[in-house]
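Enquirer: What follows is a structure written as structure tokens; I'll ask about it next.
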Amino acid sequence: MSRISDMLPRHFGPYGGRYVPEMLVPALEELEQGYLKYKDDPEFTAELTDLYQNYCGRPTPLYFAENLTRELGGCKIYLKLEGLAHTGAHKINNALGQALLAKRLGKTKVIAETGAGQHGLASATVAARFGLECKVFMGEVDVRRQYPNVYAMKLLGAEVIPVTDGTKTLKDAVNATLKYWIQNLKDTHYILGSALGPFPYPVMVRDFQSVIGREARTQILEREGRLPNHLVACVGGGSNSIGLFHPFLQDAGIRFHGAEAGGRGPAVGDNAARFGGKPKVGIAQGYKSYFLQDESGQLQDTHSVSAGLDYAGVGPELAWLHDQSVIEFAPITDVQALDAFKRLTRLEGIIPALESSHAVARAIELAPTLPKDEIMIVNISGRGDKDIFITAMELDRENWIAFLENEVRHGK
Amino acid sequence: MENNIDRALANKAGIQLMTHVVAGYPDLDVNADLIRLMASRGVKLIEIQIPFTDPLADGPTIMRANQAALDQGVTPRHCFELCAALSKELPDVAFMFMTYANIPFALGLETFMAKASQSGASGLILPDLSWDESDGDYAGAAREHGLHPIMVISPDTGGPRLDAILSRASGLLYTTLKVGITGAGAGIDQAGVEYVRNLKKKTALPIAAGFGISSPDHVRMLDGLADVAVIGSHIINLMDAQGLGAVDEFLAACART
Ligand SMILES: Cc1ncc(COP(=O)(O)O)c(C=O)c1O
């Protein structure tokens, strides 16, 4: 094996790796070499930093949630507002990094998978910005429930390809994208949207997302003169959580909390809580980690009100941090998430994404039990605009339907 | 080690066919009929795919078949039983299990190999269990169970990776004729022919070539070049559209080449 491979972590404990058909290996090796070459290249990092600041709107604010803190009556709660980044979620951090890399590698086309549509939107956006042709694969179910993002992607010039295989959600979109990639390796880069998949994706995506944690660290030190006691983030594939957590992993005394999709409850197929119940290790989608699966090894159906958390696997680094008891995972039900969605909106004037509402719900569970002098940072990975068709149906059903009917009947 | 794969390839006259069956699609009884039909047309190498929810290397046809089989409740146990019954009935046919890493991993790789071997299989094809992952280097253990570890490569596999794979493979080497997924494209181009010709020079292993083979002409093109032509998606498509009779005719036409 090339010496260069030893320089990026291919495994996190027993997890991660590269479990792909042989024909994908050359593309992954090219990506690995490319990432290694550019990740610390001053020109590359300067360009990325400039884009982060002037295109993306970074640093995103670290906001002291005074009202939420007062209402919960426990620790001090800060919110890292990734929803204020361009396109409305943390996904843009990674998409920009990968698009820049794709350019350096001479690729003219990009492809991406998407669940909630935020990563597809981010990919379509950077593709427009860099003049790359873009195709986004999205499960048919997600196309339906996240249509505002589908519309936006098309507006940006991307082709949205509905995936009708399997569960018709994120996991099947990943498969479809990998397969398309196998057939179009020469000119196409796959912008994978979370810290998972075959090496080098988990490490590369984590690195691009670590800007969240680096900023949060600087900001909290400026504001409070000390590090936080608690970090909370939602975990779909795990990119916003590892991005927040990673720059703090070497620090003593910090507790890391991951909120998973508890969905309708603990029954099989009703949630996407990989660490709820009996976590089971498996190999799928190019990596080894925990997957929701049956005893034969078939991946299971998942459910979450938030498309971005509706995924059977979890990033390998998070799996390893789970095993070492570094991250404490907890399932948050749809009901809890919707309740947290309403509370944050009313208390702080911040409408969080449904994914992020899971993190808020976890904060709501934890904060009252924690001393007032402790500090918690909650990652608001995205804002809730994209979810309007879901939240309105859940929270304001009759009026919303009346509005939609009126639009259909009388809209021009 | 010698098993049915070696025997099938030892005294061959011309190119052999290797066919593919997704266990449980359309159902296990039809699988058995299909396998009998294949054997009656002289097919000596048959892959039984254990269905998986996320078959990464497969195209739309085989993917759909996997899902349909799973929807019917087919489990690895059914696949072992199918192989056990048919390998007893057809002692000359070399059966191979093809599936994805998570299936053997869920059972335990050693247990999986033991069960595969007990059910009369002669080989394993696990395209996403990469030999350079620690649990992917199962070739030696497979042989101890009497199973050839059949490695899948593509025209882009080169240099030290190819050498590493060749040093592990036995029984036969399975190569795609182009970089793609199963069922992709419709045929064999000159680049594919050149590629197999060059590969032949690098290894003494019998070479099975596949992906996209869908006519007796394709088989004819490979005759004298590769040792085995692999036919997967096309047979499923034929069976779906026209039934087993059409598969029979197709195999008969291939056998005449
Ligand atoms: C706003 C938002 N948060 C979180 C996620 C979950 O992804 P990850 O776990 O990789 O951060 C998504 C995914 O689409 C998202 O859109």
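Enquirer: On a C-alpha basis, how far is the centre of segment B:209-243 from the centre of segment A:264-323 in Å? Whole number, if you could?
Expert: 38 Å
Enquirer: On to the next question. Would you mind calculating the gained length between A:GLU295 and A:ARG397 on full extension (0.36 nm times residue separation, minus the Cα-Cα distance), in nm to one decimal?
Expert: On the way: separation 102, 0.36 × 102 = 36.72 nm, distance 3.94 nm.
Gain in length upon complete extension: 32.8 nm.
Enquirer: Between A:LYS278 and B:ALA84, what is the label-point separation in nm under the 7 Å Cα-to-beta-carbon projection?
Expert: Using points 7 Å along Cα→Cβ, the separation is 2.4 nm.
Enquirer: If I stretch the segment between A:ASP373 and A:GLN33 completely, what's the gain in nm (0.36 nm per residue apart, minus their alpha carbon distance), one decimal?
Expert: Numbers: separation 340, 0.36 × 340 = 122.40 nm, distance 4.61 nm.
Computed gain between A:ASP373 and A:GLN33 is 117.8 nm.
Enquirer: Summarise the partner chain shielding of A:20-32 as one whole number: the mean count of Cβ atoms from other chains within 10 Å of each residue's Cβ.
Expert: The shielding value for this peptide is 6.
Enquirer: Across peptide B:65-74, what mean number of C-beta atoms from other chains lies inside 10 Å of a residue's C-beta?
Expert: Mean shielding count: 1.
Enquirer: Binned at 5 Å from 0, what are the whole-percent values of the Cα-Cα distance distribution for segment A:253-368, short to long?
Expert: All Cα pairs, binned at 5 Å, distribute as 2, 13, 21, 22, 20, 12, 7, 3, 1, 0 percent.
Enquirer: A further question on this structure: Write out the trypsin sites (Lys or Arg not before Pro) in segment A:161-209 meeting two conditions: DSSP loop, and at most 14 other Cβ atoms within 10 Å of their Cβ.
Expert: Details: sites: A:LYS168, A:LYS171, A:LYS179, A:LYS186, A:ARG206; in loops: A:LYS168, A:LYS186.
Sites meeting the loop and neighbour criteria: A:LYS186.
Enquirer: Please sort by residue number the GluC sites (Glu not before Pro) in segment A:118-223 whose DSSP state is loop and whose Cβ has at most 16 other Cβ atoms within 10 Å.
Expert: Listed in order of number, the matching sites amount to none.
Enquirer: Could you tell me the center-to-center distance, by alpha carbons, between segment A:177-211 and segment A:86-157 in angstrom?
Expert: 12 Å
Enquirer: Just from its helices, what would the mean residue ellipticity at 222 nm be for chain B, if runs of 4 or more DSSP H residues each count -39500 (n - 2.57) and the sum is divided by every residue, rounded to the nearest 500 deg cm²/dmol?
Expert: About -13500 deg cm²/dmol.
Enquirer: Expressed in nm², what is the orientationally averaged projection area of the convex hull enclosing the Cα positions of segment B:114-257?
Expert: On the way: hull surface 37.9 nm².
Taking the Cα atoms of segment B:114-257, their convex hull projects to 9.5 nm² on average.
Enquirer: A further question follows. Taking only protein heavy atoms and a 1.4 Å probe, what accessible area per residue, in Å², does chain A have with all protein chains in place?
Expert: 36 Å²
Enquirer: If the cut-off is a Cα-Cα distance under 16 Å, which aspartates and glutamates reach A:LYS168, setting aside same-chain residues fewer than 8 apart in sequence?
Expert: In chain and number order, the partners are A:GLU113, A:GLU140, A:ASP142, A:ASP270, A:ASP301, A:ASP310, B:ASP54, B:ASP71.
Enquirer: Sort the following peptides by mean Cβ neighbour count (other Cβ atoms within 10 Å, averaged over residues), highest first: A:193-201, A:379-387. Could you put the intermediate results ahead of the total?
Expert: On the way: A:193-201: 28.6, A:379-387: 26.8.
So the order, starting with the most tightly packed, is A:193-201, A:379-387.
Enquirer: Right, another one. In nanometres, what is the gap between the two model label sites at B:ARG256 and B:ALA13, each 7 Å from Cα along Cα-to-Cβ?
Expert: 1.7 nm
Enquirer: Rounded to whole Å and sorted largest first, what semi-axes of the equivalent ellipsoid does the C-alpha gyration tensor of segment B:1-155 yield via the square root of 5 times each eigenvalue?
Expert: Its equivalent ellipsoid spans semi-axes of 21, 20, 15 Å.
Enquirer: Hey, another quick one. Would you mind computing, in nm to one decimal, how far apart the modelled labels at A:LEU8 and A:GLU140 are, each placed 7 Å from Cα along Cα→Cβ?
Expert: Here the modelled spin labels are 3.5 nm apart.
Enquirer: Is the shape of the protein assembly as shown best called rounded, prolate or oblate, per the rule: a/c under 1.5 gives rounded, else a/b larger than b/c gives prolate, else oblate, with a ≥ b ≥ c the square roots of the Cα gyration tensor eigenvalues?
Expert: On the way: a/c = 2.01, a/b = 1.89, b/c = 1.07.
It comes out prolate by the Cα gyration axes.
Enquirer: Considering only DSSP beta bridges whose two residues both sit in the protein assembly as shown, what percent are antiparallel, to the nearest 5?
Expert: Working: 15 of 80 bridges.
Looking only at bridges with both residues in the protein assembly as shown, the antiparallel portion is about 20 percent.
Enquirer: Let me ask something else about it. If every alpha-carbon in segment A:232-297 counts as one equal scatterer, what log10 I(q)/I(0) does Debye give at q = 0.19 1/Å?
Expert: Treating every Cα as an identical point scatterer, log10 I(q)/I(0) equals -0.85.
Enquirer: May I ask for the net charge around A:ILE242, where only other residues with Cβ less than 9 Å from the Cβ of A:ILE242 are counted and Lys, Arg are +1 while Asp, Glu are -1?
Expert: Spelling it out: positives minus negatives among the neighbours equals 0.
Enquirer: For segment A:110-235, rounded, prolate or oblate, judged on the Cα gyration tensor with a ≥ b ≥ c (square roots of eigenvalues), a/c < 1.5 rounded, else prolate if a/b > b/c?
Expert: prolate
Enquirer: Determine the percent antiparallel among the DSSP beta bridges restricted to segment A:201-293, to the nearest 5.
Expert: 50 percent
Enquirer: Would you mind pulling out the separation of the Cα centroids of segment A:221-249 and segment A:334-375, in Å?
Expert: Taking the Cα centre of each part, segment A:221-249 and segment A:334-375 sit 16 Å apart.
Enquirer: As a test of reading the structure, rank B:THR175, A:THR87 by solvent-accessible area (1.4 Å probe, protein chains only), most first.
Expert: Working: B:THR175 0, A:THR87 25 Å².
Sorted by accessible area, descending: A:THR87, B:THR175.
Enquirer: What's the average, rounded to a whole number, of partner chain beta-carbon atoms within 10 Å of each residue's beta-carbon in B:152-159?
Expert: Per-residue shielding by partner chains comes out at 3.
Enquirer: Right, next: A:GLU66 to A:ARG129: extension gain in nm, 0.36 nm per residue of separation minus the Cα-Cα distance?
Expert: Numbers: separation 63, 0.36 × 63 = 22.68 nm, distance 3.73 nm.
Difference between extended and current length: 18.9 nm.
Enquirer: Can you work out the FRET efficiency for the pair A:TYR147 and B:GLN72, with r the C-beta to C-beta distance and R0 = 51 Å, to the nearest 0.05?
Expert: Efficiency at R0 = 51 Å is approximately 0.95.
Enquirer: Per DSSP H run of at least 4 residues, take -39500 (n - 2.57); add these up for chain A, divide by its residues and hand me the 222 nm value, nearest 500 deg cm²/dmol.
Expert: Taking each H run of at least 4 residues, the total per residue is -13000 deg cm²/dmol.
Enquirer: Taking the inverse of the average 1/r across all pairs of different Cα atoms in segment A:1-129, what Kirkwood radius in Å do you get?
Expert: For segment A:1-129, inverting the mean 1/r across all distinct Cα pairs yields 17.3 Å.
The values are calculated or read from the model by the stated rules, or taken from the named source; none is laboratory data. Remember, it's a predicted structure, so these values are computed and weren't measured experimentally. Neighbour counts run over all protein chains shown; Cβ positions are idealised from the backbone, glycine included. These area figures cover heavy atoms from the full protein model, side chains too; ligands, DNA and RNA do not enter into them. Shrake-Rupley method; radii C 1.70, N 1.55, O 1.52, S 1.80 Å.
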